[in-house]
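The values are calculated or read from the model by the stated rules, or taken from the named source; none is laboratory data. Note that the coordinates shown come from a computational prediction; the quantities given were computed from them, not determined experimentally. Note that each Cβ is placed from the backbone with ideal geometry, even for glycine, and that neighbours are counted across all protein chains shown. Just so you know, the surface numbers come from the protein's heavy atoms only, side chains and all, with ligands and any DNA or RNA stripped out. Shrake-Rupley method; radii C 1.70, N 1.55, O 1.52, S 1.80 Å.
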Amino acid sequence: MAEYHAQNKAKLISETRRRFEAEYVTDKPDKYDPRDVERLQQDDNWVESYLLWRHSIVDETLKMLDESFQWRKEMSVNDLTESSIPRWLLEIGGIYLHGYDKEGNKLFWIRVKYHVKDHKTMLDKKKLIAFWLERYAKRENGKPVTVMFDLSETGINSIDMDFVRFIINCFKVYYPKYLSKMVIFDMPWIMNAAFKIVKSWLGPEAVSLLKFTSKNEVQDYVSVEYLPPHMGGTDPFKYSYPPLVDDDFQTPLCENGPIASEDEASSKEDIESDGKETLETVSNEEQTALLKKINLTEHTSKAEENEKADSKMKAFKKPLSVFKGPLLHISPAEELYFGSTESGEKKTLIVLTNVTKNIVAFKVRTTAPEKYRVKPSNSSCDPGASVDIVVSPHGGLTVSAQDRFLIMAAEMEQPSGTGPAELTQFWKEVPRNKVMEHRLRCHIVESCKPTTLTLKDNAFNMSDKTNEDLYLQLANSRRESDFSTP
């Protein structure tokens, strides 16, 4: 069944491409931006998004592509940049991306109170909407957004139905499959009639995506950490420009990682604490058996002990999916898999592989810097080499599907050293267009494994070193259960 579905999808994509080229492009090649025509021939996901929105009816899909591509050329969407937008429009903070809903979708804020109906500025406002959506679409191909239509403190002069219709068309025609839902907040009763018209524009299949909310209901869709105070939230975010409000990525804990000696001590602490957690499910019989094993191997060489400690992180199963970027191959490709609180599998692994002939500098940023410990988060990777990055929740904080990670990488073409000072200077000087970026979402994997209980300090009359040895023995014997494949 799955194979048939894949074959049918490929057939529809092929037919759409062939017919669009023959029926729309050949006669009027200047009608569209050639970059869009080329992308249509290469990007399966893009073609599929139009097909899905038109229920896989090729004739309807072609009409939609025609309308969308004409609009993209008229608006010069592929060439929209920050400098294309009047500075005052960016400074006012009426339209921007910030935060996530409870399903992990990016929030696209439209603060209606900052909008004044004015035909002279309408085109610039439409360009601002297109600028943000295109910027987002290029970074998060296919990942939908939730539109936060904030009508608080809004007067009748701020309601511009032409502008609202343009926003609706963006998601109906120009960016199909990108609308998760539209949350309408604090709508004045006087606008009820206006939004009946909006419903007719959306069409029957999209009306269900409209969510009318007040301060009580809005938290059903967005948690308080991403809601401003006037919506009953706790988000301290204040819009300002410049720079552009981007993806909220910040430096995580342990930016450069501790120095070598501290790193070893930290690893030892991690081993001991993780060992205590793992030992919670061990019965008295298992503990006795393990202690006997330890006594038998009491004289194991120091080298073997170190090798066990060093291999602790290698017990992670390597992620299987790979994003193949121009500088780095990144695994996993899209999602970091964390165990649930019950599973006890707290840490996850990012593997970077340098595919260039030069050293590649990299750094990791996150939308929740207070939650995660990342080691290393700012370092470099030699040509052809791989680096394992360990990501773990910090201080008992829980992983959320709303959290994101950003991998930034740039090729160090001139040898300038890779120490902390040299890397800091490098990132200050490297041109933005030379930086590769890749984003990862977080995913929580539920587990049916038994919850562990902490081994009390006085459970055994053992030294700290023995506790570590006990954990290492247990980890080796239980590797399959302690570190499950994402």
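Accessible surface computed residue by residue for region 323-444, with neighbouring protein chains in place and a 1.4 Å probe, gives 43 Å² per residue.
FRET efficiency for Ser83 and Tyr4, Cβ-Cβ distance as r, R0 = 45 Å, nearest 0.05? Efficiency computed from Cβ-Cβ geometry: 0.40.
The length gained by stretching the chain between Lys434 and His119 to full extension, at 0.36 nm per residue less their Cα-Cα distance, is 109.5 nm. Calculated FRET efficiency, Leu244 to Trp201, Cβ-Cβ distance, R0 = 22 Å: about 0.15 to the nearest 0.05. As a calculated quantity, the FRET efficiency between Asp66 and Arg39 at R0 = 25 Å, using C-beta atoms, amounts to about 0.95.
Tally up the carbon and sulfur contribution to the accessible surface of region 74-114 as a whole percent, 1.4 Å probe, everything protein left in place.
45 percent
The modelled label-to-label distance for the pair Asn216/Lys11, using points 7 Å beyond Cα in the direction of Cβ, is 5.3 nm. With a threshold of 27 Å on the Cα-Cα distance, the over-threshold entries among Lys63/Lys434; Lys211/Lys363; Lys31/Lys138; Lys172/Lys363; Lys143/Lys238; Lys125/Lys238 are Lys63/Lys434; Lys211/Lys363; Lys172/Lys363. Solvent exposure of region 89-231 amounts to 41 Å² per residue of accessible area, where only protein heavy atoms count and the probe is 1.4 Å. Simple spin-label estimate for Asn141 and Thr424 gives 3.7 nm between the two label positions (7 Å along the Cα-to-Cβ direction from each Cα). Extent along the principal axes, Cα only, for region 1-78: 42, 23, 20 Å, with the longest axis given first.
In region 89-231, Rg over Rh equals 0.92, where Rg is the alpha-carbon radius of gyration and Rh the Kirkwood radius from pairwise Cα distances. All Cα-Cα separations within region 358-435 were binned at 10 Å from zero, giving a P(r) of 16, 46, 28, 10, 0, each value a whole percent of the pairs. Split the accessible area of region 323-444 by element, probe 1.4 Å, and carbon with sulfur accounts for 50%.
Could you pull the accessible area for Asp235 with a 1.4 Å probe, rounded to 10 Å²? Near enough 20 Å² of accessible area. Computed 3J(HN,Hα) for region 427-440, one whole-Hz value per residue from the Karplus formula 6.51 cos²θ - 1.76 cosθ + 1.60 where θ = phi - 60°, is 5, 6, 9, 5, x, 4, 6, 9, 9, 8, 10, 9, 10, 10, glycine and proline marked x.
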